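Down below is the structure, laid out as structure tokens.
The values are calculated or read from the model by the stated rules, or taken from the named source; none is laboratory data. Please read all numbers here as calculations on a predicted model, not as lab measurements. Here the Cβ is made from the backbone with ideal geometry for all residues, glycine too, and neighbour counts use every protein chain on show. Side chains included, ligands, DNA and RNA excluded: accessible areas come from the protein's heavy atoms. Shrake-Rupley method; radii C 1.70, N 1.55, O 1.52, S 1.80 Å.
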2 protein chains.
Amino acid sequence: MSLKIALLGFGTVASGLPFLLEENGDKIKSAAGEQVQISKILIRNDAEKARLNAMGYEYQFVTSIDEILSDSEISIVVELIGRIEPAKTYILKALQAGKHVVTANKDLIALHGKEMRDLAERKALAFYYEAAVAGGIPILRTLANSFTSDKIQGVLGVLNGTSNFMMTKMVEDGWSYKEALAKAQALGYAESDPTNDVEGVDAAYKVAILSQFAFGMFLDFKDVSHQGISTITAEDVAVAQQLGYVIKLVGRLEEKTSGVWADVSPTFIPETHPLANVNDVMNAVFVESIGIGQSMFYGPGAGQKPTATSVMADIIRIAQRLKEGTVGKPFNAFQRPVQLAEKTDQISRYYMIINTPKQNGQLLRLVSVFSDQGVSCQQVLEQELDDNRARLVIMTRLMNQLQLEAIKQQISQESDWHLLNVFKVLGDDHDN
Amino acid sequence: MSLKIALLGFGTVASGLPFLLEENGDKIKSAAGEQVQISKILIRNDAEKARLNAMGYEYQFVTSIDEILSDSEISIVVELIGRIEPAKTYILKALQAGKHVVTANKDLIALHGKEMRDLAERKALAFYYEAAVAGGIPILRTLANSFTSDKIQGVLGVLNGTSNFMMTKMVEDGWSYKEALAKAQALGYAESDPTNDVEGVDAAYKVAILSQFAFGMFLDFKDVSHQGISTITAEDVAVAQQLGYVIKLVGRLEEKTSGVWADVSPTFIPETHPLANVNDVMNAVFVESIGIGQSMFYGPGAGQKPTATSVMADIIRIAQRLKEGTVGKPFNAFQRPVQLAEKTDQISRYYMIINTPKQNGQLLRLVSVFSDQGVSCQQVLEQELDDNRARLVIMTRLMNQLQLEAIKQQISQESDWHLLNVFKVLGDDHDN
């Protein structure tokens, strides 16, 4: 007996599965209770098939999804095509055909996950996607199984390897954003259109998915605001360093009295914080909860083997549940109605950097803007740029989103000021 | 309907359970599928009962284990007495009486876990102990459930909060061992007899337990060699810093060709390694595996709430398994025969520090000792102590245990030399 699975797509991640089955077959068989066998692989066309055959792959490649859907011996469909279509249609068809589904597709889960999960639930099928968040880090299953007794208050994640690689180069080696992006593209970390990575879209997908597991809420992607790293300059990096921080792109979820606040933004992290040492393409998820307190889960956020390992863990879990007769259980049983935090509950410290005329009184003018909104500044620095212009850097105390919006609007109305950047600042325990 | 549990002992950890049930009752009930109710609590005597009643606790306190064993409504017994007896007898009796068991008792699991696990297996009962290793970090369940598809090659753990607190003070603030110990005792981290914490015994218990989950091997405690932090001096700390390392007490498991090598010893960790930033009473488990690569799990190693949270997660898992009808499944299904690494397979780099006469030729003499055993030195430093004595510091390249033993013996035979310390050195990827 063996457990027959079908793969949709045979790109980087998918081709990591044969590696695991070869190198770790005994343990996988023992854990799954039977041999896991790749029965059919859906590829695009005959040309791809010829190419894969020439590379020595001897799987049964098919070019029509129907050949998989109609094969009653296949019990699990593993979607590794990526993006929305045709992946979405194939997953829905697979569930309709009674197949369990494993996917690593974060875009799809973040944008259409609820529809698929609901269908899987109605059909009592497994629908797992551990690899969709932080690739190799087993964070979703850990949140679902080990935080059952705990109440999570906040999640901070370094969730995008490409932008973290770039920020590491910018912070540690003083590279510019452009230099870092060129290197990331040369290494194959960033695509030719890097928007999703550098503008925080990919991280926001993962934040939306994490909200299901951390807070039991199926957030809409549009409920996760996101800001990327493309406007970060060497000056921002230098100021951060001078004040004892590193800048990283951080996805953050917090449960406030009124609901959950979810966003992705460049964030000043105190250099003593565990996330400050998460460098290069590594990811980490930092959890604050009433029971455990502070915990962090660190590992590779992408890559062939790590992602394939998470996918295979999902496949094994389905095999076990099939044997136990519990396969209808949801990946994550923690479900509550979505409730979003009010703007007055969205509270953070901020870093702001503003280009101003070099004139006496600029600092006083600026502090007054904050003071008018009831916001204190922890620190204000003035830096001369040339004979005419200066830069003001402000580290604020806590303020809410309404205060932030009012301050930004006030600054934008001052015609001789130019607001360069606004980033969140993570406090240490003492002054936040 | 409610799930009735009994607690054995009502010390620090046990009294964290009511906190969780109160603060997180809805989520726990939802996850467990029913209310979790503390039905009876075993305490030592009537005096303790009077004291607890006076503190406002309104549980049903009992002083005989039989009142719990004979209560057919109680399905889970939670042992939180600690140490070996009477905990061991009580757990065996509870299993004999058909109760599922949860414990946080690392000493007991490391020394007698197999007997208890085998009995639980024969009786198809749950026997869970997530809290026994690294308190609040959900490491055991993660290894059991998420590393099913992966093959672990090595585990490095900062597993003892007390000694890590002390090492942090010694490394970051330059405290002496004695000062650090006094502070740890004053803060209640170290007991009046600190042996188990500072001599690596407690960490070795945890290494023995980790071997079950990482390698499927139920190591005997005696198979885990251990060395503590009590001989570490300010000079060792200073040399480490000078060379770019921090010293921590590290539990290590490695699978070599011939089998598993398990030990606990003070270890030089490169300051860029993720474990180097695990400070104070925090714990972390760093895993190297063929699939994920490098991952790390970080959190509090002890404390009332973190430990109680892990215990409660075990209770919830039993409740779920009872509902699913799968309660006989072992905590960790990965099991292989124990196979220990040969000494020739026990390979590491080492730091050695030796007190020698201040005379020409000492360094050459010493390097010859290493050379005779076929061991190269990466770096040798000589430090003058006074007119008569000097210190030699050696950072070796890789050597095996037989070579190490021969070198130590040779050095001990030189009557004018005194070997002060020998610690493991963790390599970075490039030179290990």
Check your understanding: Of everything in the stretch B:85-100 that's out of contact with any Leu (no Cβ under 6 Å at 6 or more places or on another chain) and hydrophobic (A, V, I, L, M, F, W, C), which residue is farthest from B:I65 (Cα to Cα)?
Key -> B:L92
Check your understanding: Which one is modelled with the lowest pLDDT among residues in the stretch B:43-66 that are among the acidic types (D, E) and over 34 Å from the mean Cα position of the chain (by Cα)?
Key -> B:E58
Practice item. Being touching a residue at least 40 places away in the same chain (Cβ under 8 Å) and either over 30 Å from B:A120 (Cα atoms) or over 25 Å from the mean Cα position of the chain (by Cα) (or both) narrows it down to one of B:L404, B:L364, so name that one. Key: B:L404
**Study point:** Tally of residues being out of contact with any strand residue (DSSP E or B) (no Cβ under 8 Å at 6 or more places or on another chain) and either touching a residue at least 60 places away in the same chain (Cβ under 8 Å) or within 12 Å of B:I316 (Cα to Cα) (or both) across the stretch B:26-56
**Key:** 4
Review point. What residue, among those in the stretch A:143-153 that are facing chain B (nearest Cβ under 10 Å) and not hydroxyl-bearing (S, T, Y), is most open to solvent (accessible area, probe 1.4 Å)?
Key: A:K151
Exercise for review: Please verify whether the stretch A:114-131 includes one or more residues that are in contact with a His (Cβ under 6 Å, 6 or more places away or on another chain) and among the hydrophobic types (A, V, I, L, M, F, W, C).
Suggested key: yes
**Study point:** Among the candidates A:K408, A:K424, residue that is open to solvent by less than 70 Å² (accessible area, probe 1.4 Å), modelled with pLDDT of 95 or more and under 24 Å from A:G251 (Cβ atoms)
**Key:** A:K424
**Study point:** Residue list for the stretch B:306-319, filter: facing chain A (nearest Cβ under 9 Å) and either on the phi > 0 side of the Ramachandran plot or in contact with a strand residue (DSSP E or B) (Cβ under 7 Å, 6 or more places away or on another chain) (or both)
**Key:** B:P306, B:V311, B:D314, B:I315, B:R317
Check your understanding: If we scan the stretch B:157-174, do we find a residue that is farther than 27 Å from A:F286 by Cβ, assigned by the TED database to the domain that holds B:G291 and open to solvent by 10 Å² or more (accessible area, probe 1.4 Å)?
Key -> yes
Study note, to complete from the structure: B:S192 meets each of (1) within 14 Å of another protein chain (Cβ to nearest Cβ); (2) outside any helix (DSSP H, G or I) with one exception, condition (1)
Revision key, fill the gap. Across the stretch B:11-25, the tally of residues that are within 20 Å of B:N105 (Cα to Cα) and assigned to a loop (DSSP other than H, G, I, E, B) stands at 5
Check your understanding: How many residues does the stretch B:271-290 hold that are closer than 30 Å to A:T272 by Cα and facing another protein chain (nearest Cβ under 9 Å)?
Key -> 11
Practice item. Answer yes if at least one residue in the stretch A:78-86 is under 24 Å from the mean Cα position of the chain (by Cα) and within 25 Å of A:G325 (Cα to Cα), and no otherwise. Key: yes
Review point. Within the stretch A:330-344, which residues are among the charged types (D, E, K, R) and not in a helix (DSSP H, G or I)?
Key: A:R336, A:E342
Study note, to complete from the structure: The number of residues in the stretch B:291-301 that are touching a residue at least 40 places away in the same chain (Cβ under 8 Å) and facing chain A (nearest Cβ under 7 Å) is 6
Revision key, fill the gap. The residue from A:L140, A:L156, A:L125 that alone is outside any strand (DSSP E or B), within 14 Å of chain B (Cβ to nearest Cβ) and not basic (K, R) is A:L140
Revision key, fill the gap. Just one listed residue, out of B:E254, B:E342, is more than 7 Å from chain A (Cβ to nearest Cβ) and surrounded by fewer than 18 Cβ atoms within 10 Å (Cβ to Cβ), and it is B:E342
Exercise for review: Would you point out the residue of the stretch B:60-93, among those that are assigned to a loop (DSSP other than H, G, I, E, B) and in contact (Cβ under 8 Å) with a residue 40 or more places away in the chain, that is surrounded by the most Cβ atoms within 10 Å (Cβ to Cβ)?
Suggested key: B:L80
Check your understanding: Out of the stretch B:345-367, which residues are surrounded by fewer than 19 Cβ atoms within 10 Å (Cβ to Cβ) and assigned to a loop (DSSP other than H, G, I, E, B)?
Key -> B:K358, B:Q359, B:N360, B:G361
Practice item. State whether the residues of the stretch B:234-241 include one that is in contact with a helix residue (DSSP H, G or I) (Cβ under 6 Å, 6 or more places away or on another chain), open to solvent by less than 20 Å² (accessible area, probe 1.4 Å) and not hydrophobic (A, V, I, L, M, F, W, C). Key: no
**Study point:** Top-ranked residue in the stretch B:313-361 [being of a type in the set (G, A, S) and under 23 Å from the mean Cα position of the chain (by Cα); ranked as farthest from B:W261 (Cα to Cα)]
**Key:** B:A313
Study note, to complete from the structure: The correct count of residues that are part of a helix (DSSP H, G or I) and within 14 Å of chain A (Cβ to nearest Cβ) in the stretch B:28-59 is 5
Exercise for review: State whether the residues of the stretch B:64-86 include one that is touching a strand residue (DSSP E or B) at 6+ places or on another chain (Cβ under 8 Å), within 14 Å of chain A (Cβ to nearest Cβ) and closer than 25 Å to B:P300 by Cα.
Suggested key: yes
Review point. Is it the case that some residue within the stretch A:320-333 is of a type in the set (A, V, I, L, M) and more than 11 Å from chain B (Cβ to nearest Cβ)?
Key: yes
